[in-house]
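These notes are about the structure you will find just below.
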Amino acid sequence: MNQTDTINDNSRQLETFSYDNTIVKLFAFATVVFGIVGFLVGLIIAIQLYVPVIFPSLDFGIPYISYGRLRPLHTNAVIFAFVGNAIFMGVYYSMQRLLKTRMWSDLLSRIHFWGWQLIIVAAAISFPMGYTTGKEYAELEWPIDIAIAIVWVVFGINMIMTLIHRRERHMYVAIWFYLASWVTVAVLHIVNSFEIPYSWIKSYSLFAGVQDALVQWWYGHNAVAFFLTTPFLGLMYYFMPKAAERPVYSYRLSIIHFWSLIFLYIWAGPHHLLYSALPDWAQSLGTVFSVMLIAPSWGGMINGLLTLRGAWDKVREDPILKFMVVAVTAYGMATFEGPMLSVKSVNALSHFTDWTIAHVHTGALGWNGFLTFGILYWLIPRLWNTQLYSKKLANWHFWIGFLGIILYVVPLYWAGVTQGLMWKQFSPEGFLVYKNFLETVTHLIPMYVIRSIGGTFFLVGALLMVYNLIMTVRQGEFVSNETVKAYAIPKEFKDKINHRWLEAKPVQFTIASFVVIIVGGLFEIVPMQIIKSNVPTIPSVKPYTPLELIGRDIYIREGCYTCHSQLVRPFRSETERYGEYSKVGEYVYDHPFQWGSKRTGPDLHRVGGKYPNAWHYQHIYDPQSVSPGSIMPRYPWIIYNDYEIKNIGSKIRVMQKMGVPYPDGYDLVAEQDVITQSKEIAEDLKNSGIDVEHNKEIIALTAYLQRLGKDIKGKNNVQANINLQVQSK
Amino acid sequence: MFRNIFSHIDNISIFPIITMILFMLVFIGVIIYAFKLNKKSVDYYSNLPLDDKENNKINLE
């Protein structure tokens, strides 16, 4: 039977030790710096969406600041640099105190910190240079993927060893969230990073087409779940009671919240692929689990908000609580909206539009941003043993930031619904009213302008915080090692711990969480990977020619997938606009898949043969010259740069390894095919009055774009594959 | 071996149903567990974030 007792002092040993505050300080510093960077890059790309209409040459033709390269930089900076560092800051602070022990190894803490920052720097360099895997939020290339895995393991070892050496018997619920997040992110990262390198920095995804899509969104969704949500719920369960100075509303509810949330979350990934070529059973699974997710999510939200029971008067005074209340409310809104967006009929309208962007920013700006700000305002004065420099300024930050969120999300909801409806609008005669995709884009530009004003507000608010925190730090004195005293867990209790299998033992607990989350992975992904009937093959679908492959790599490098989908959904409004809807079997050689998740530009899956080569040449050089009012950036470097041909053999070999049926020995002769096909395109361009050398990137990109979606049309692929067939004979 | 097991499942749509049952079991189990915890322990657990300076009491079982 359980009973609480106060132990006599002389029966246990009082130990003196200290908390490592320096590691918390380091992560706090990184959180603030990369927060500003992430917000700033976000603002830049938000402005890039409409500036080309006004000042077409403002990009100066510099590839490194092109939208498609900066967008992954923004998403990765916010998710892994800003939110990531905030998680580590909170984990290192709260874990030591909840377990009444110093982190197990200062060295591992430092390796974790510096390793993570090095990875961020590598991302900040490699993305603008165009090194990307082309899979959203997993864009980092293979050497960096390995570094992430190593640093992640270091973090895990340090956490688990700290848990083993703790002085507090019970593992508080926040720590459950940390452990489950750690183990799940490890699994997600490793599985989604299965890739085969073809050079020291570049690789192809091991999975192709629909399998790649399923793995990617199993990852992508759970990056939201287990990076942006569960660790932050852990932080909520620790820092909200701290700030409100009262315990969490219901500890029992937090237990139910935890287990049902991690069980359900892992399954919901396929809701990113509704109406796609993914088999129906997997789509339905995604929808059902997403709708069920409302329950634990709202349980958690209510638990957070009710923690303030009897303290609501404080919310009026205290900016920290204000930030936290809005954060938890934003969590509630986003987790209600998410399941709604997973309902097929809603998704039919919302998918590929700005609605999704509004949804994620409710989460990112509201939940992650505001909770982080609240924690920083609470934490920094305590680390420096002082008071916050200015409460008034923090209140200003709150209101400016809050207004920023409203100005950000409301116009984008408007834009999303508007564009979704415009895409689907038919005239009484049965024709698309907005046949020209561009019309549906230019209509939204005022919304994009307001959105960027919202982003500016949010950034300005954050800068106020930076000033406020710097002044706080200057007036205080940093306590690098906070000395405390606590009793060791007596031997007899250590034995008793064994009876409480789950909460008392970190290793078993981690394994249990692992089992819970892996069930979802096994049931969803394994059958998808091994059952052939899920991917009906289409005999006319052939591998890309080597030149098309080079073109495809340019497409990935420039991040074309950030604005263009390659997935025609089975709606009349889409087949009218783009052509035949996309089939699973068409993607079997797509390593990685390029379905995209947002249509700032039109779908490209059926673009092959739609325009002459000369059109693509003009369009890449200056989109507005053929499509007036277009907001697509210019890509002059693709016109001038030579494509890379010398590693084509190695690319072909990697493709062969993954089962793409190039004939044996084709890697040795692929170069000839590249040149032959290039010359054909250059010749065709010459006939249209464009004089271009055959070895330019534009030739390869054109070859790829002209191939897209043609295979099932059954006539044009003959020419594209003619050389392949010759080789195979 | 895995390949053989899975490729012999005719009706793949059974998967969501199995999953649902699994979840219900986990969910019911967790609810029972949560409500079986005694009040004193729960109070002690939920106060953990608030007393991080001194370890002056310990939970006995």
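The values are calculated or read from the model by the stated rules, or taken from the named source; none is laboratory data. The model shown is predicted, which means the values in this text are computed figures rather than measured ones. Note: ideal-geometry Cβ built from the backbone for every residue, glycine included; neighbour counts use all protein chains shown. For the accessible areas, the whole protein counts, side chains as well, though only heavy atoms, and no ligand, DNA or RNA atoms are used. Shrake-Rupley method; radii C 1.70, N 1.55, O 1.52, S 1.80 Å.
Details
- In the complete set of protein chains, residue-level accessible area for A:Trp355 is approximately 50 Å², probe 1.4 angstrom.
- Paramagnetic reach from A:His165 (point 7 Å along Cα→Cβ, amide N under 18 Å) across the stretch A:79-122: A:92-113
- Estimated inter-spin distance, B:Leu22 and A:Ala149, nm [label 7 Å along Cα→Cβ]: 2.4
- The long axis of helix A:106-126 is offset from the longest Cα principal axis of chain A by roughly 20 degrees.
- Pairs from the table (A:Lys135/A:Lys542; A:Lys202/A:Lys598; A:Lys25/B:Lys40; A:Lys202/A:Lys713; A:Lys424/A:Lys686; A:Lys135/A:Lys610) lying more than 30 angstrom apart at Cα are A:Lys25/B:Lys40; A:Lys202/A:Lys713; A:Lys424/A:Lys686.
- Extension gain, A:Met340 back to A:Gln387 (0.36 nm per residue minus Cα-Cα distance, nm): 12.6 nm
- Antiparallel beta bridges, as assigned by DSSP with both residues in chain A, represent about 90 percent of the total such bridges.
- ³J(HN,Hα) computed for each position of the stretch A:318-325 - Karplus, 6.51 cos²θ - 1.76 cosθ + 1.60, integer Hz, glycine/proline x: 9, x, 4, 5, 4, 4, 5, 5
- The residue list A:Tyr251, A:Val441, A:Gly520 was ranked by how far each Cα lies along the charge dipole of the stretch A:7-525 toward its positive end, using unit charges on Cβ atoms, and A:Tyr251 comes out on top.
- One decimal place: the segment A:Arg309-A:Thr442 gains 43.1 nm when fully extended, by the rule 0.36 nm per residue minus the C-alpha distance.
- Here the stretch A:350-405 and the stretch A:268-313 have alpha carbon centers that stand 22 Å from each other.
- Using a simple spin-label model with pseudo-atoms 7 Å out from Cα toward Cβ, A:Val33 and A:Gln508 lie 4.3 nm apart.
- 1.4 Å probe accessible area per residue over chain A, in Å²: 36
- Cut-off under 5 Å, modelled amide H: who pairs with A:Asp20 long-range: A:Met103
- Buried between B and A is an accessible area of approximately 4900 Å², summed over both sides with a 1.4 Å probe.
- If the segment from A:Gln624 to A:Val121 were pulled out straight at 0.36 nm per residue, it would be longer than the present Cα-Cα gap by 177.6 nm.
- Other-chain or far-sequence residues with amide H under 5 Å of A:Leu206's (modelled H): A:Glu195, A:Ile196
- Label-reachable residues, the stretch A:327-352, where backbone N falls under 18 Å from a point 7 Å from A:Val410's Cα toward its Cβ: A:330, A:333-334
- Relative to the longest principal axis of the Cα atoms of chain A, the long axis of helix A:445-475 lies at roughly 30 degrees.
- Ratio Rg/Rh [Cα only; Rh per Kirkwood] for the protein assembly as shown: 0.99
- At R0 = 35 Å, FRET efficiency that the Cβ-Cβ distance of A:Ser199 and A:Val449 yields, to 0.05: 0.30
- Note on A:Glu477 and A:Asp642: the model spin-label points, each 7 Å out from Cα along the C-beta direction, lie 6.5 nm apart.
- For the stretch A:206-256, Kirkwood radius (reciprocal of mean inverse C-alpha pair distance, Å): 13.2
- Cβ-derived FRET efficiency at R0 56 Å, A:Ser650 paired with B:Leu50, nearest 0.05: 0.40
- Considering all C-alpha pairs of the stretch A:357-486, those separated by over 27 Å amount to 43%.
- Expressed as a whole percent, the accessible area of chain A that falls on carbon and sulfur atoms is 64 (1.4 Å probe).
- Only protein heavy atoms count here; on that basis, with a 1.4 Å probe, A:Leu379 has an accessible area of about 0 Å².
- A quarter of the convex hull surface defined by the alpha-carbon atoms of the stretch A:230-350 gives 7.9 nm² as the mean projection.
- The figure for A:Glu136 is an accessible area of roughly 10 square angstrom, using a 1.4 Å probe on the protein chains alone.
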